[in-house]
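The values are calculated or read from the model by the stated rules, or taken from the named source; none is laboratory data. Keep in mind the model is a prediction, meaning the values are calculated, not measured. Cβ placement follows ideal geometry from the backbone for every residue including glycine, while neighbour counts extend to all protein chains displayed. Accessible surface is based on the protein model in full, side chains and every heavy atom, while ligands, DNA and RNA are left aside. Shrake-Rupley method; radii C 1.70, N 1.55, O 1.52, S 1.80 Å.
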Amino acid sequence: LRLTLKLPAMVVGAILLTAIASGTVSIVIGRNAMREAALEDMLHGAELYASAVVAHIDGARALIASTAGLPQLKNLEQAREIAASVLARSTAFEYIMFLTPAGSMAMIEPLAIGEGLSIPDLSFSAWFGEVRRTGRAVVSDLHISPATQRPTVVIAAPVHAADGRITGVWAGALEL
């Protein structure tokens, strides 16, 4: 009688233990699969967002680089008109500025932003130095704007004279 009770109890116990173990393994595997799927979705979303940011910056860089080549930038009044036109047609920029070759602010549009400018000489800016050094359009790192005191990224391009020397820097602060 004892053996007849022990054997079925051991079989039932083994079945319960197997069920508990397989259920636990299934939960762990399922949780890991769901975690991996969620991470893949987040990574895909981050890649899409990064691609959109790169496309936005590339478009803004192309706009600054192409307008920096306009001959009208030699005249500050026409430069202000070009800046106003760019700001009216593009949502990429918060403000646009023209700097002298030494880094002093020659023009900023909209004019109201220039009134709050804490530092009219931007020659210390890394992006300004890189434009002067390379003679090409650059995208700055994220920094605090001296004009708005808010985070910004500046896209800047050199303005060249007919002989190739840099006569100024045309720059736009991205609207973040």
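A simple spin-label model places pseudo-atoms 7 Å from Cα toward Cβ; at Ser123 and Ala84 they are separated by 3.1 nm. Each Lys and Arg Cβ is given +1 and each Asp and Glu Cβ -1; about its Cα centre, the chain then shows a dipole of about 780 debye.
Add +1 for every Lys or Arg and -1 for every Asp or Glu among the other residues with Cβ under 15 Å from the Cβ of Ala147, and state the total. Spell out each step's value before the answer.
Details: positive: Arg150; negative: Glu94, Glu109, Glu115, Asp121, Glu175.
Here the count lands on -4.
Which of the listed residues, Met97, Tyr49, Ser123, is farthest toward the dipole's positive end in the stretch 1-139, when Lys, Arg count +1 and Asp, Glu count -1 at the beta-carbon? Of the listed residues, the answer is Tyr49.
Which net charge results for the neighbourhood of Leu48, defined as the other residues with beta-carbon distances under 15 angstrom from its beta-carbon, given Lys and Arg at +1 and Asp and Glu at -1? Spell out each step's value before the answer.
On the way: positive: none; negative: Glu40, Asp41, Glu47.
Charge balance in the 15 Å sphere: -3.
Just to confirm, what accessible area per residue do you get for the chain at 1.4 Å probe, in whole Å²?
Details: 10820 Å² over 176 residues.
Averaged over the residues of the chain, the accessible area is 61 Å².
Pull out a ≥ b ≥ c, the square roots of the eigenvalues of the alpha-carbon gyration tensor of the stretch 72-123, then state rounded if a/c is under 1.5, prolate if not and a/b is larger than b/c, and oblate in the remaining case.
Working: a/c = 2.02, a/b = 1.26, b/c = 1.59.
Oblate shape, in that a/c is at least 1.5 and b/c is the bigger or equal ratio.
Carbon-plus-sulfur accessible fraction, the chain (probe radius 1.4 Å, protein heavy atoms only): 65%. A simple spin-label model places the labels of Leu70 and Asp163 2.6 nm from each other, with each point 7 Å out along Cα-to-Cβ.
Taking the chain as a Gaussian network of alpha-carbon nodes connected by springs under 10 Å, the highest mean-square fluctuation of the residues Glu40, Glu115, Glu94 belongs to Glu40. Put the Cα centre of the stretch 103-176 next to the Cα centre of the stretch 26-43 and the gap is 46 Å.
Dipole of the chain computed with +1 at Lys/Arg Cβ and -1 at Asp/Glu Cβ about the Cα centre; of Val138, Leu17, Thr152, farthest Cα towards the positive end is Leu17.
Comparing mean-square fluctuations of Leu16, Leu142, Leu43 from a GNM of the chain with C-alpha springs under 10 Å, the top value falls on Leu16. Note on the stretch 4-46: Rg/Rh from C-alpha atoms, Kirkwood Rh, equals 1.45.
Largest mean-square fluctuation among Thr134, Thr24, Thr148, in a Gaussian network model of the chain whose springs join Cα atoms under 10 Å apart, belongs to Thr24.
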